[in-house]
Amino acid sequence: MSKQKLQSNVDGASEVVFRGGGFKTVSIPWVGFVVFALLIAFLEWGTRAGWISNLTMPRPSDVFATFVDLWRSGLLWEHLFPSLTRLVVGASIGASAGIGVGVLIGLFSLIRAGLVPLVSAIFPIPKIALLPLFVIWFGIDEASKYALIAFGTFTPTVVATYGAVDNVDRSLIRMGQSFSLTWLSIVRKIVLPGAMPGILSGLRVSLAIAIILLVAAEMLGAEYGIGAYILEAGSLYDLERLFVGVAILSIIGVLVSAAITMIEKHLLSWRT
Amino acid sequence: MELQLDNLCHAYNDVTVLDRISLRIASGKIVCIVGPSGCGKSTLLRLVGGLERASSGAVLQMGEPPADSINPLTYIFQDFALLPWRTVGGNVSLVLEDHGIQGERAEAIISDVLKRTKLTDFRKALPKQLSGGMKQRVAIARALAVKPAILLMDEPLSALDSQTRELLIDDLIALWVREQFTAIYVTHNLNEAVRLGHSIVVMSRRPGQVRAIVDIDKPLQQRQLGDADLELKQKELWDLMREEALAADQELIRV
Ligand SMILES: Nc1ncnc2c1ncn2[C@@H]1O[C@H](COP(=O)(O)OP(=O)(O)OP(=O)(O)O)[C@@H](O)[C@H]1O
Ligand SMILES: [Mg+2]
């Protein structure tokens, strides 16, 4: 209304077009849920109406019922607990070793020259292909699964970390030197906090890879675990149970990502 | 403590940046350095503060710094160089922690310097919440906290608008009147130079040499914006620099 008034008041005048929008992330948390809900509702409708055959896609409500059964029978925890243990142990080892080595690469030219080619060489190896090797080295038990997950998390974390260290503002480091801070203080108080945004966004990728490798590890010689559960369902073509397993993995992924977002909010509130 | 620059030369690869610079920085005086862009002023300051090694020549420190000086040669940077993840107070305490000053002693120093730079109310603020002028005042507070014998300032006010700059010039003068610190002040703003400098070193274009040294005897606290005698000094400086600046500009075109 006021806009029209403005236009009629002054002859030949029109308001300047606003073009400053976009390119700004605002958090709209509910949209994600709506997308999930719409997708599930669509599948439910399709399978009920019959234009999606039950053979190609299980009905979401059936999947949910299977999940409830799994929960009631207590088997859910029997599968979930070992999986989460493997994920936490393996990913912690891999991520902390990765951050450590990444920082060393970022700080020392000699280590960089020696290790960067090596990291580039092992990064593209599908870690699953090395599973037999890990079994020989660490046995068929948990240790080989930890090793596989740790190894898979390690390389992307290294790459993200040394990139983040490289990106730390050199003028801040120079400032630290000019006030005669010790080397350790400069690393602890300037380099590490400055690299934190890059390290955390690297962890987002590494932890997703850890979940992928968790299933791979469990598909080979695990009695319990989400991966074993999925493998068993798959071999029987039991789509409902297969989807229950897959959904659990997705939920783990969403939770991990949400946890990182929370850590970022807490640690990186200084960012503009 | 005084500084003596003795035949300082510096080259990056094959490019000579500084050529036989000899200067004496007397205790309790502010020496301004002006010169065309790229003549090596920032390089000179890095050599003086020990952040870079000169190709030849030496920076000599005459006499011991005062016993209570925590970091005798202290910089104030053009881009402030504040840690964005630390509050105003945290940025000041950063430079004390490493010298073993913590707890009550640090507290006393921090509140004192924040008071002197009129930042007491912003102690808990993060750098992103501050204006440019306030950020530079934090950097000044941080520098004062380590009780420098000599302040090295590289265009400290260049990133600020002219009103803020005027206010900070007054602040710096007030700080100097309170305790006569020694400073090397690099600037390309001739007005800043005549307001703050006891002597002004004019450098030639690259390779930077000392072209002239202009002294101003008028006490700092009596200098005002628009003083006629300062205007004359500024004109004198500009006449000295004009050709150099022109030539430096041409050089850039040829590159
Ligand atoms: N690290 C470096 N490596 C190579 N050349 C450099 C380096 N630092 C500066 N130079 C060169 O040395 C010369 C002097 O640079 P310096 O930054 O000291 O100039 P300046 O007088 O401070 O200029 P300005 O007024 O623009 O700040 C420039 O030609 C620059 O390109
Ligand atoms: Mg410079």
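Under a 5 Å amide H cut-off, with hydrogens placed 1.01 Å from N, B:Val17 pairs with B:His10, B:Ala11, B:Tyr12 among residues at least 5 apart or on other chains.
Proximity of backbone amide H atoms, modeled 1.01 Å from N, is registered between B:Met203 and B:Val34, B:Gly35, B:Arg211 at under 5 Å, excluding neighbours fewer than 5 places apart on the same chain. Estimated purely from DSSP H runs of n ≥ 4, each contributing -39500 (n - 2.57), the mean residue ellipticity at 222 nm for chain B is -12000 deg cm²/dmol once divided by its residues.
Mean-square fluctuations from a GNM of chain B, with a 10 angstrom spring cutoff on Cα atoms, peak among B:Leu47, B:Leu96, B:Leu167 at B:Leu167. The mean sequence separation of alpha-carbon pairs under 8 Å and at least six residues apart, normalised by the residue count of chain A, gives a relative contact order of 21 percent. Per-residue Karplus couplings for the range B:201-217, computed as 6.51 cos²θ - 1.76 cosθ + 1.60 with θ equal to phi - 60°, are listed in order as 9, 9, 9, 7, 5, 4, x, x, 10, 7, 8, 7, 10, 10, 9, 10, 8 Hz, Gly and Pro entered as x. DSSP assigns beta bridges within the protein assembly as shown; of those with both partners inside it, close to 50 percent run antiparallel. For the range A:69-77, putting each phi into the Karplus relation 6.51 cos²θ - 1.76 cosθ + 1.60 with θ = phi - 60° gives couplings of 4, 4, 5, 4, 6, x, 5, 3, 5 Hz, in residue order, rounded to whole numbers and with x for Gly and Pro. For chain B, relative contact order (Cα pairs under 8 Å, six or more residues apart, normalised by length) works out to 28 percent. Write down the percent of antiparallel bridges among all DSSP beta bridges whose residues are both part of chain B, to the nearest 5. Rounded to the nearest five, the antiparallel share is 50 percent.
Given a 10 angstrom Cα cut-off, can you work out which residue in B:His99, B:His198, B:His188 is the most mobile in a GNM of chain B? Among B:His99, B:His198, B:His188, the largest mean-square fluctuation in the Gaussian network model of chain B belongs to B:His99. Computed 3J(HN,Hα) for the range A:157-168, one whole-Hz value per residue from the Karplus formula 6.51 cos²θ - 1.76 cosθ + 1.60 where θ = phi - 60°, is 5, 4, 4, 5, 5, 6, x, 5, 5, 4, 8, 5, glycine and proline marked x. In this structure, the amide hydrogen of B:Ala125, modeled 1.01 Å from its nitrogen in the peptide plane, lies closer than 5 angstrom to those of B:Val88, B:Gly89, counting only residues at least 5 positions away or on a different chain.
The mean sequence distance of close C-alpha pairs (under 8 Å, at least 6 residues apart), as a share of the length of the range A:141-272, puts its relative contact order at 26 percent.
Just so you know, all these numbers are worked out from the coordinates, no wet-lab data involved. Note that the coordinates shown come from a computational prediction; the quantities given were computed from them, not determined experimentally.
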